[in-house]
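These notes concern the structure reproduced below.
The values are calculated or read from the model by the stated rules, or taken from the named source; none is laboratory data. From a predicted model like this one, the values you see are computed outputs, not experimental measurements. A quick note on method: Cβ atoms are made from the backbone with ideal geometry, for glycine too, and the neighbour counts reach across all protein chains shown.
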Amino acid sequence: MNGAALYGVEPNAQTCEFSRRDLEQIRITLPGRNRVLGPTTMAETRAFRNDDREQWATMASFLA
């Protein structure tokens, strides 16, 4: 079951036609220039992981 069926909405079955050139032009004009949306180095990954652990520990203390 998808969201359309869940809410009783008929999905738009029309396909979107564009070329690779069109897609590249869209990517160029979007902000962010198609960059990675997360850690890109091991140091950034460790910092992200450690921050996540800290947040879960804080949440667990509130739930206890």
Verdict on GLN14 being free of Cβ contacts under 8 Å to residues at least 60 places away in the same chain, surrounded by 10 or more Cβ atoms within 10 Å (Cβ to Cβ) and not basic (Lys, Arg): no
Residue in the stretch 22-31 that is within 19 Å of the chain's Cα centre (by Cα), assigned to a loop (DSSP other than H, G, I, E, B) and modelled with pLDDT of 85 or more present: no
Residue in the stretch 46-55 that is on the phi < 0 side of the Ramachandran plot and in contact with a Gly (Cβ under 9 Å, 6 or more places away or on another chain) present: yes
Residue in the stretch 49-59 that is free of Cβ contacts under 8 Å to residues at least 60 places away in the same chain, aromatic (Phe, Trp, Tyr) and either touching a Pro at 6+ places or on another chain (Cβ under 8 Å) or not in a helix (DSSP H, G or I) (or both) present: no
